[in-house]
Amino acid sequence: MAGSTNMLDDEKIKSNTAGVLGYSPGDLAIIDRRTEGTNTYVSLTANDGKQFNCVINGGNLLTMGIVNPPACAPKGQPINANPFQRQ
């Protein structure tokens with residue numbers, strides 16, 4: 001149910017990930033995205049050619065549209081979805 005009620009459009013995804021990545025939303029393009037449960041997995045490329053993978057939790061009916069800060073990493077590196085977890 002959470003995946004089918006996802007409210008994150010491309011613009012909201014770029015807006016949410018831009019600040020974490022240090023870009024403006026207009027500098028990012030979505031390469032791929034998929035939603036599983038309450039998580040949206042997205043691959044982005046920046047206008048400088050760098051690529052990133054991000055996980056955005058929330059943005060659906062179950063979370064009342066609320067989105068947690070995205071967890072992102074450069075392509076090929078693991079995403080630390082729990083910022084309090086030591087690596």
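The values are calculated or read from the model by the stated rules, or taken from the named source; none is laboratory data. Note that the coordinates shown come from a computational prediction; the quantities given were computed from them, not determined experimentally. Heads up, the Cβs are rebuilt from the backbone with ideal geometry, glycines too, and the neighbour counts pull from every protein chain shown. Only protein heavy atoms, including side chains, enter the accessible area calculation; ligands, DNA and RNA are left aside. Shrake-Rupley method; radii C 1.70, N 1.55, O 1.52, S 1.80 Å.
Checking each residue in segment 16-32 for being open to solvent by 70 Å² or more (accessible area, probe 1.4 Å) and either assigned to a loop (DSSP other than H, G, I, E, B) or free of Cβ contacts under 8 Å to residues at least 40 places away in the same chain (or both) picks out Gly26, Ile31, Asp32.
The single condition among (1) surrounded by 13 or more Cβ atoms within 10 Å (Cβ to Cβ); (2) touching a helix residue (DSSP H, G or I) at 6+ places or on another chain (Cβ under 8 Å) that Gly65 does not meet is (2).
The listed residues are Leu8, Leu44, and the only one of them that is open to solvent by less than 50 Å² (accessible area, probe 1.4 Å), over 19 Å from Asn60 (Cβ atoms) and hydrophobic (A, V, I, L, M, F, W, C) turns out to be Leu44. Annotation note: of Ala71, Ala81, Ala2, the sole residue that is open to solvent by less than 40 Å² (accessible area, probe 1.4 Å), modelled with pLDDT under 85 and out of contact with any Phe, Trp or Tyr (no Cβ under 7 Å at 6 or more places or on another chain) is Ala2.
The residue that is farthest from Asn6 (Cα to Cα), among those in segment 54-68 that are among the polar types (S, T, N, Q) and modelled with pLDDT under 85, is Thr63.
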